[in-house]
Amino acid sequence: MREEATGKTGVPSPTRQKPERPRDRLGRPLAWDAENLLHLPDFDAMTLDQNHQAGRRLAGEGNWFGAHEAWETAWKQARGTGDEEFYKGLSQMGAGYVHLLRGNAHGARTLLRRGAGRVGAFPDPHLGIATAALAAELEALAARVADGRVVPGEDAAYDTPPV
């Protein structure tokens, strides 16, 4: 008979948490001793509505990594409510813009289109967002990236979508 494991349990504790790794403004990990350039709220301590509002605010500020994180947390919080796919779409949109700004054309196109499909499947408007206009804007940006009219990178030219 095997002996029971006696190591750390899967229960989070202050000594079990990994330290937050410093990140640049686009969410890329930096060296452990580098200055953190991306300061985000504790999304896990916020309510679903607070995370949605934080995502909208961060997106409006152009902080797409933060918006993605806020909506990803909202997506997890929304399980079983019927809105989980909406928040997943918003999270994918945020990740699409992160990929765009990081210079990843394929990731930007893929995630912008996935986000558009999910968000566009909801009634217009939904939870304060004009879903049809947002889905159309995401599809249009993905097309502009695909045909080279928008060049991915930190200086990518795009209009902030209606969130």
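Read-outs: derived from the displayed coordinates by stated rules, not from any lab. Being a predicted model, the structure only gives us computed values, none of them experimental. Glycine gets a Cβ as well: all are built from the backbone with ideal geometry, and neighbour counts include every protein chain shown.
Descriptive notes on the structure:
- Amide H contacts of Arg23 (H built 1.01 Å from N, under 5 Å, at least 5 apart or other chain): Leu30, Leu37, Leu38
- Pairwise label distance in nanometres, Arg57 with Asp33, each label 7 Å out on the Cα-Cβ vector: 3.5
- Placing pseudo-labels 7 Å out from each Cα toward the beta carbon at Arg79 and Asp44 gives an inter-label distance of 1.4 nm.
- Peptides 42-51, 106-115, 92-101 ranked from most to least packed by the mean count of surrounding Cβ atoms within 10 Å: 92-101, 106-115, 42-51.
- Here region 46-146 is assigned +1 on the Cβ of each Lys and Arg and -1 on the Cβ of each Asp and Glu. Its dipole about the Cα centre then comes out at about 320 debye.
- The mean sequence distance of close C-alpha pairs (under 8 Å, at least 6 residues apart), as a share of the length of region 46-146, puts its relative contact order at 20 percent.
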